[in-house]
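The values are calculated or read from the model by the stated rules, or taken from the named source; none is laboratory data. Model, not experiment: these values are computed from the prediction. Glycine gets a Cβ as well: all are built from the backbone with ideal geometry, and neighbour counts include every protein chain shown.
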């Protein structure tokens, strides 16, 4: 495929709708096959690399793709993408992925490993998602929908509500990761059921935080691209939360029943 085709509106929408379907396939598949990383680590997924390296390699591509597409937009649209809404979109997205790429992996404890195939599949998704988010926000929107993200967009209900939801999700996600990292003292190899923060209600509070973030992003951008990110996050993390729920249920049956925990959505699922 000629490189210029990836910058066409037709290619963008074809890929966008295809990824909605891929997300549905992933959702169904993950209820039958446990993705072999983290708590579900399994040798059947083949060769593995250091967990820190794996997280860094699979998360950083999306950071750099969006960074490139944002700065590439400046000379094309007369600086339109320097206006407040675009600047906020860029900062919010890159803030999340800077933490995810350059901070989170190096906070991980232990010597866990990640299957290379899982890392490579995640790299592919992150490259595609980075293209979809960045190309919509910083190329298609200013070129084809210039009336959408004007400076007044920051005063709309969508932008305000979406930003608040994103921040709430980020706080939940960060705190939940902190709780998981501090479940054990140095040298302790026992397993524990997390009990603080949103773990009082669900067994995958970190995933709850992440899908809440991307729900907020979908609302504040009010776009199909943002909706795809939220959809794909749910398709990946909801079935994975089910697998983690079942694992905790087996490990801590008495405590688990007493707490009446849900998987990922408090009081519901």
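Checking residue 264 against (1) under 24 Å from residue 30 (Cα atoms); (2) part of a helix (DSSP H, G or I); (3) modelled with pLDDT of 95 or more, only one condition comes out false. Which one?
(2)
Would you call residue 201 assigned by TED's automatic domain parsing to the domain that holds residue 173, more than 30 Å from residue 131 (Cα to Cα), over 17 Å from the mean Cα position of the chain (by Cα) and crowded, with 16+ Cβ neighbours inside 10 Å?
Yes, satisfied.
Of the residues 110, 78, 130, only one is within 17 Å of residue 214 (Cα to Cα) and either assigned to a helix (DSSP H, G or I) or outside the structural domain of residue 176 (by TED's automatic domain parsing) (or both); which?
After ruling out the rest, the residue left standing is 130.
Considering the stretch 182-221 alone, what residues qualify as being in contact with a strand residue (DSSP E or B) (Cβ under 8 Å, 6 or more places away or on another chain) and under 30 Å from residue 154 (Cα atoms)?
208
One residue is enough: does the stretch 176-193 have a residue meeting the conditions surrounded by 21 or more Cβ atoms within 10 Å (Cβ to Cβ) and in the same structural domain as residue 261 (by TED's automatic domain parsing)?
Applying the first criterion (surrounded by 21 or more Cβ atoms within 10 Å (Cβ to Cβ)) to the stretch 176-193 yields 176.
Narrowing the set further to residues that are in the same structural domain as residue 261 (by TED's automatic domain parsing) leaves 176.
Yes; the residues of the stretch 176-193 include at least one that is surrounded by 21 or more Cβ atoms within 10 Å (Cβ to Cβ) and in the same structural domain as residue 261 (by TED's automatic domain parsing).
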